[in-house]
Each structure stands twice: as structure tokens, then as C-alpha cells.
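Q: Please read through the structure below; I'll follow up with questions.
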Amino acid sequence: MSSAKTSPDEKMTVQELIERAKKPGEDAMKLHPFYKGKIEIMPKCCVRGYNDFAIWYTPGVAQPCRDIYKNPERVFDHTNKWNTVAVVSDGTRVLGLGDIGPSAAMPVMEGKALLFKYLGGVDAFAICLDTKDPDELIKTVKYLEPSFGGINLEDIAQPKCFRILDTLRKEMNIPVWHDDQQGTAAVTLAGLINAVKLQNKKLSDVKITMVGAGAANICIARMIILAGVKPENIIMVDTKGTLHRDRKDLRESHPEKWEMCQKTNKGNIRGDIPEAMKGAEVLLALSKPGPDTIKKEWIKLMVPKPIVFVCANPIPEIWPWEAKEAGADIVATGRSDFPNQVNNSLGFPAIFRGALDVRAKTITDEMCIAAAKALAKYAEKRGLDKEHLIPTMQDWQVYPEEAVAIGLKAIEQKIARLNLTAEELRKKATEMIQRSIAITRMMMDKNFIPLPAE
């Protein structure tokens, strides 16, 4: 492991850090209307002349149609289904903004589609549905199956998001994934693996406080337990206090929380966030945006030099520099403008790349753990320190490694339609990602994507 590096944040005043944190939002208000959207559809087939349309459309297209009718799996060979994902949301829990509706959710879903394409080479489409009814959403997504190779559910409120995901995973034959659950869990696990390693500790030994009991933290808890964390070493807190065995109010209304009441909090600790944080070695906060959701005095209740993940968006539960002032040793957030971004963008493009490349029928928790381990291993190979727990989006070479881990695990679990080697998976993922980056840069160079004025 490399030695710790000096953070640029240490040379900035608090006011400068706050102003820097505001800048992405200010720039977004200028550039979103400038581009009027972040994705578009472009041809991927040759058009040598107008006669080619007889191949791509009528009459020639009838032949691949007949072939698919006789052999349904050939749809992956004749169409772009093999590389297409629907990003589906009802806009009921958008980032830290809450229930803002499907239209207001569109910028987020388009942004997701952009990351899918640029970082994973995946063609993704934003589909925001004008319904809050979980049964209607389930039915609508099932109708989409013929057109897509995978479904990315996004920003759907809990508790309905759990049933929607579980139902669709059981009833569809393409991968269905809720990024707020599985994506957040995979990347958080990667960061946690390396944070614990830096402190010469083991996952099985650390005591963890989880602030927030929504979709993200519930799935994180399940995944870190599967990865080796002992459930009795976890204490989870929701808006009414710690989850413990006497929270029978949750038995019917929130079965996923009730599951955690039974599994975690061995000491049956009662109270709120301060009581849960006392003596903890790790804080995993995915709750209400801050900056005062977590207080400095609460971090001081933890063990000396704790690990603090404060991943609410758009503002972390406590500013990173305040967490360090309170004694935190390692701090991560969900933002790209601070060190240690623990964000889904490091996961979903590559995870879907690997799943699509082997034509997986689903994405299992074991596949997510494989991706997390690939992320952590890549970061360790590059050189770990307290401000570089996991790679950043600029480290595009990590995405093929995740894709390989996902594809191989799907093959191992016998849920893949194609059997590829690690070398074949790495080559395919690398080519797809490099192609997307090169096309974007070429279009910028040619001014087909104009640059904004300074």
C-alpha cells in the first residue's frame, strides 16, 4: 500500500470548499438548457446509399423477422436488444429531492443513460412513468421485455421498491436491477473492503452503525452480511430510532426493516443516532442530505479514528472536513468533487456490460459482490491510501475488470446464455467502452457536440 497523500482540501478554506460544492449545480443550470438533453439516437449500421434501406427496412428486414419468430433467442443477434437497457423511474424518490414526479426526474435518468454509454458502452434510454402504483409499474416494465436486454430501476420510493424489484427479478428473463439498492451496495462494499484493509481490520470483526434504513442501506446490509460482516455487529437507525427486536410496528408495514430488527443489533440497543454510533468503528450513512444530519459530537462517540461514509446526495450528512475535525480517519461521500466518491457510477455501467455480454438472465447478489471485489482489487493494485479507497470514473480501465468478474460469476451460477472466457469478456468490454469514449471525443472535435462558451 502507498503512504497517505496530502489532500488538496487541506489547503482550502471552509468557505472555498462550500463554494466548490455549489459549483456543479450552478453549471448544471447553464448547460442543461444549452444542450437540451444529454443523449440522442445515432445510426450504427452503414448507409452506403439509399439502396441500403432495403436491407435495414423493407423488404430485406422481413428475413431476420422470420428468423426471430422461429428462433426467439436470435433477437439478440439481429437487433440491439443485446446492448440496450431501460432506465425506469416513477420519480418518487429522486436523489435527495424526494417525490418530484416523473418529468422532473428526467434529467437524472438521462444522466444515468449518459454514464451507461460513456462508461460502459451500453445504450440506455430514460423511461419515466406517470404512475405511482407498484402493480402498474411492474406490469409496464414487463411489457418492455421484448425491446430491452436489461432494466435499471431508479429512484423509486420504499417500501414498494423492494416488491417491485423482487417481483420483476422472478418474472422476467432479462436482468432487472435497482441501482439505488444493488448498485449502491456493490460500490459501498468495495469502499468498505479497502477502508477496513487500510486499518488492518477484518470485515467479520468491525462494528458498524448504519444511519438510514431505506432501500440503499437495507440492501447494503444484506450484501455486506453476505460478504462476511456479522449481522450482530450492525446497528441500523431509521427516522424513529434504532432497529431492534421490539420494533413490532415494522413487522407488517416494512418487512425489510423488520428483517433487520431480527438479524442485527445483538445488544438490542435503543435510542437514536448518538446511541447507535457509540463505540462503532464504521459509519455507513445513506439518509437525509446534510450538512447537519450527522453531528461532529456524534462522531466523537465512535472509536478513535473511525471510518465514516456519508453518502447522501446532493449534500453529505456532514461535510468531510468537519468529520475529520471530529476525529474521523477515513471519510467517503457520494460526490465526485470530494475524495473517496462512493457512487453507483463506478458500478452499474460495468455490471450491466458484463451481464449483457454473457446475456445473463438476472443479476445476483453474488455477481454484485464479485464486482465489488474487482473494484477493490483494482484500487489496491493502483495504490491504496486514505483518500483513494476505490477508483474514480476517470480510471476507465476498471470497468472491463468489473465486467469480467460479473460475466464469469454469471457463467459460474449458470444464468448466462453465452459462455465466454475472461479474455473474451475483457476484450469485448474494452472495445465497447473505448468506442463510446472515442465517438464522443470525435463528435466534440468535429463540433457535432458543441462546447459551451467559457
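Q: Which whole number in µm²/s is D for the chain by Stokes-Einstein, with the Kirkwood Rh taken over Cα pairs at 10 °C and 1.306 mPa s?
A: In µm²/s, the coefficient rounds to 69.
Q: Positive end of the dipole of the range 115-238, charges at C-beta (+1 Lys, Arg; -1 Asp, Glu), about the Cα centre: which of V187, V122, I156 has its Cα farthest in that direction?
A: V187
Q: Follow-up question, since we're still on this one. Tell me which DSSP H helices of the chain clear both cut-offs, 15 Å or more of axial length from alpha-carbon atoms and a mean Kyte-Doolittle hydropathy of at least 0.0.
A: Qualifying helices: 101-120, 184-198, 215-227, 398-412.
Q: A further question follows. Please state the relative contact order of the chain as a whole percent: Cα pairs under 8 Å, 6+ residues apart? Intermediate values should be presented prior to the final figure.
A: Working: 826 pairs, mean separation 68.9, N = 454.
Relative contact order for the chain comes out at 15 percent.
Q: Let me ask you something else. Please state the relative contact order of the range 42-181 as a whole percent: Cα pairs under 8 Å, 6+ residues apart?
A: In percent, rounded to a whole number, it is 23.
Q: A further question on this structure: In 10 Å bins starting at zero, report the fraction of Cα pairs in the range 150-244 per bin as a rounded %.
A: Result returned by the calculation: 15, 43, 31, 11, 0.
Q: Here's something else I'd like to know. Using DSSP to define loop residues, name the chymotrypsin sites (Phe, Trp or Tyr not before Pro) in the range 372-454 whose beta-carbon has at most 13 other beta-carbon atoms within 10 Å.
A: Answer in residue order: F448.
Q: Near K266, which lysines are there with a Cα under 24 Å away, not counting those fewer than 8 places off in the same chain?
A: The qualifying lysines are K201, K202, K207, K230, K240, K248, K257, K278, K300, K305.
Q: Taking every pair of Cα atoms in the range 221-351, average 1/r, invert it to obtain the Kirkwood radius, and report Rg/Rh to two decimals.
A: Reported Rg/Rh (Cα atoms, Kirkwood Rh): 0.97.
Q: Also, quick follow-up: Please figure out what share of the DSSP beta bridges in the range 42-181 is antiparallel and state it in percent, rounded to the nearest 5.
A: 5
Q: Dipole size in debye (nearest 20) for the chain around its Cα centre, Lys and Arg Cβ +1, Asp and Glu Cβ -1? Spell out each step's value before the answer.
A: On the way: 64 positive and 59 negative charges, 182 e Å.
Around 880 debye, computed over the chain.
Q: When Lys and Arg each count +1 and Asp and Glu each count -1, what net charge do the other residues less than 11 Å away from E73, Cβ to Cβ, add up to?
A: Local charge sum for E73: +3.
Q: Another one. When only C-alpha pairs under 8 Å and at least 6 residues apart count, what is the relative contact order of the range 320-408, in percent?
A: Numbers: 105 pairs, mean separation 30.7, N = 89.
Rounded, it is 35 percent for the range 320-408.
Q: Please list, short to long, the whole-number percent of alpha-carbon pairs of the range 1-150 in consecutive 10 angstrom bins beginning at zero.
A: 9, 24, 27, 22, 12, 5, 2
Q: Roughly what % of DSSP beta bridges within the chain run antiparallel, to the nearest 5?
A: About 15 percent, rounded to the nearest 5.
We did not get these values from a lab; they are worked out from the coordinates using the rules stated. Remember, predicted model here, so these are calculated numbers, not experimental data. Don't worry about glycine lacking a Cβ; one is built from the backbone with ideal geometry, like all the others, and counts go over all protein chains shown.
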